[in-house]
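These notes concern the structure reproduced below.
The values are calculated or read from the model by the stated rules, or taken from the named source; none is laboratory data. Computed from a predicted model, the values in this text were never measured in an experiment. Virtual Cβ from ideal backbone geometry, glycine too; neighbours counted across all protein chains shown. The protein model used for the area step is the full one, side chains on, heavy atoms only, and it has no ligands, DNA or RNA in it. Shrake-Rupley method; radii C 1.70, N 1.55, O 1.52, S 1.80 Å.
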Amino acid sequence: DLDEALAAARRAVELTPNGHADRPFYLLRLGLSVRRSQSQSPDQLSFNTAYRCFMDAACASGGPPDIKLEAALVASRMCVQCPQFDQFYEKTLRAHASVLKFIPPFIWLGQSISRRFSQLSAMKIGPAITAAASSAICAENFSLALEWLEEGRNIVWAQLTRLRNPLNDLEAHDPDLAHSLRAVSSSLEEAARPSNPYTIVSQRELIVQRHSQFIVSSRIASEDKARKQRELAGKYENLIARIRRIEGFEGFLRPHNIAELAVTCKDGPVIVINVDQSRCDALVLCRPGKVVLVPLPSFSLHIALNMRSKLNAHLTGSFRYRDERAVRIESQNAAEKMKRILALLWRLVVAPILAELGDEVTYLPYVPFMRREFTLPLQLAACSVGDRLPHVTWCPTGPLSSLPLHAAGIYDRTDPGARKASDFIVSSYTPSLSALVAARAQPVRHIPGEDPRVLVVSQPQTPGQAPLPHTNQEAACVCRHFPSTATPLDDTSATVETVFNAMAQHEWVHLACHGTQDPQSPTGSAFFLHDGRLELSRIMGMTHAEAELAVLSACQTAKGSDDLPEEAVHLAAGMLAAGYKSVVATMWSIADEDGPVLSDALYAALKRNLEAGGELDVAYALHEAAGKLRETVGETNFMRWVPFVHFGI
């Protein structure tokens, strides 16, 4: 039967001419048949034959993008499973390169955002990207590994960011072309937003529905919108191709190369941690053009998944999740459970990286940092100049993106090796390096003596939601530090229209209210205001070049999806994509009474930084504020102070 199936598959390929839309499918089937026929004892010949079939399918001139992407994915997975054959690295890297090549046509701008996210999940793109990076690391091409991770993660956010890309250089060269691209980009961004169409959840509802005419017209409107979006995507791609034919614009809106990503480490090393089935490594961009590899041999994907599972179980046991910030349940040994998770993170991930970087951060202005003579993990010694610690930005992948690297440490005071990350570094996070590049592309200039305009939104009694009594006190703390430039909106004054219009007039926004995240369509994530939801899709449509800081004092605003860990499906990443340079968010539910404590310390530090005439340094301000909250609630009360994190610059 296998022989006959193989013969039929070969005959199908022979009968299908080059360029035919079905040829990639038949080549893919032939390759799978070859693999199946040699599944027990594959040899070099069968490996080469199957590989050639898969790659021919991926590189065919015709055929649907999903089949070509699947062929490239199968080829890359086959190579990873067969390291014993000739030209292993060359063939593996070529297969992975094909995967990266066919992701954009598959995750197409002409599709709705929710469909793009669902396709990323269905095709398991995330594991394929981490496997590609691991293969590049094995081939000792660390820069390529970093570029592939950057190109293959946060794909949808990157697409949305490119639609908002400044066109200054193009405008200077060809104003008409820049105007056309801006118009099409704006229309395409608008078309991709969810329109909240009428939905029918059962056949019974369809039968009893009296407004059948509305249903039909709604369906027609939805089809018209989809057709318009496809047409706009085609126009956009044609314009991009036309621009790239212009001398000097060949790399226009292409994924960033290592030289372009170097700007991200201006304020300190950027640490990208690749968590793959085959190996785990940190790729550290610690000086322009230099990528340092830090292998993590004691860490694994299995350990990361186990730690995430334990943290989620611990969170479920520590809080009863209702639609409020947090209803706390005192669980037995809660502190001990978190201690074990944070100690593992320290010993297996954070301490090895910091120890290895002892000599790599000496180009920074605030040296010394760590010296190699401080061997890990027990003999690390905190080092800084004055009171200023070095700054690092974490960019984890896979399940590690749900774990609090910034709080890693040994918190057992009886342990002579008790250390924690905050003794050595100030931590920030980023969903991607491109997000940092975009944030630095349009820096906000602070005028000495002038405070930024701060919009302060608080909702102590949101209709239909649980009360948040401490949000008024939290808002008062913010306004006390910026009395002349703060605009408070609370209760009935904080309507969707009022808040949205005010956001465009303020550089900073502080949102002390309920929030909700939509993992299936992240731009549908929203903040609950007095008269409804202010959705992220609408915020992203706002044009405000001076948007700088968003403080999201709501629950789980930096909690991503376990199904799509590489796509940063949370409100913090969305606010970065919307144009804010810095975002303060939360990894899990926070206690209502902690909002005023943290906000008071945070804005006091920000005010002091501005008065000193220096940089805003949001990461340092949050580091200080979280430290004060930690002193207030107790160091081992991890659920209270650990969730606060900084994203961006």
Pseudo-spin-label distance R440 to T316, built 7 Å along Cα→Cβ, given in nm, is 4.1
Take every Cα pair under 8 Å in segment 1-155 that's 6+ residues apart, average their separations, divide by the length, and report that relative contact order as a whole percent.
17
Using a simple spin-label model with points 7 Å from Cα along the Cα→Cβ vector, what separation in nm is obtained for A183 and T492?
4.5
Under 5 Å between amide hydrogens, which residues at least 5 positions from H256 or on another chain qualify, with H placed 1.01 Å from N in the peptide plane?
none
Can you list the residues, at least 5 places off or on another chain, whose amide H is less than 5 Å from the amide H of R419, using H built in the peptide plane?
I410
Pairwise label distance in nanometres, T414 with K101, each label 7 Å out on the Cα-Cβ vector:
6.1
Would segment 56-124 count as rounded, prolate or oblate if I go by the C-alpha gyration tensor, calling it rounded below 1.5 in a/c and otherwise prolate when a/b exceeds b/c, oblate otherwise?
prolate
May I ask you to derive the FRET efficiency for A335 and H544 from their Cβ-Cβ distance with R0 = 60 Å, giving the value to the nearest 0.05?
0.90
Probe 1.4 Å, heavy atoms of protein chains only: per residue, the accessible area of segment 409-548 in Å² is 40
Can you compute the charge dipole magnitude of segment 1-128 about its Cα centre, using +1 on each Lys and Arg Cβ and -1 on each Asp and Glu Cβ, nothing else charged? Give it in debye, rounded to the nearest 20.
440
Could you give the dipole magnitude of segment 401-455 about its Cα centre, charging the beta-carbon of Lys and Arg +1 and that of Asp and Glu -1, in debye to the nearest 20?
140
In whole percent, what relative contact order does segment 414-486 give with Cα contacts below 8 Å and a gap of six or more residues?
24
What is the set of long-range amide H partners of G515 at a cut-off below 5 Å, with H atoms built 1.01 Å from backbone N?
F528, C555
FRET efficiency for Q38 and E90 from the Cβ-Cβ distance with R0 = 30 Å, rounded to 0.05, comes out at 0.90
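Name the shape class, rounded, prolate or oblate, that the alpha-carbon gyration tensor gives for segment 1-94, where a ≥ b ≥ c are the square roots of its eigenvalues, rounded holds for a/c under 1.5, and otherwise prolate holds if a/b is larger than b/c and oblate otherwise. Could the numbers behind the result be given before it?
Details: a/c = 2.25, a/b = 1.22, b/c = 1.84.
Since a/c reaches 1.5 but b/c is at least a/b, the shape of segment 1-94 is classed as oblate.
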Determine the shape class of segment 10-158: with a ≥ b ≥ c the square roots of the Cα gyration tensor eigenvalues, call it rounded for a/c under 1.5, and otherwise prolate if a/b is greater than b/c, oblate otherwise.
oblate
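Return the FRET efficiency for the residue pair E611, E14: r is the Cβ-Cβ distance, R0 is 56 Å, and the value is rounded to the nearest 0.05. Let's see the in-between values first.
Values: r = 77 Å, r/R0 = 1.38.
Once the sixth-power term is evaluated, E becomes 0.15.
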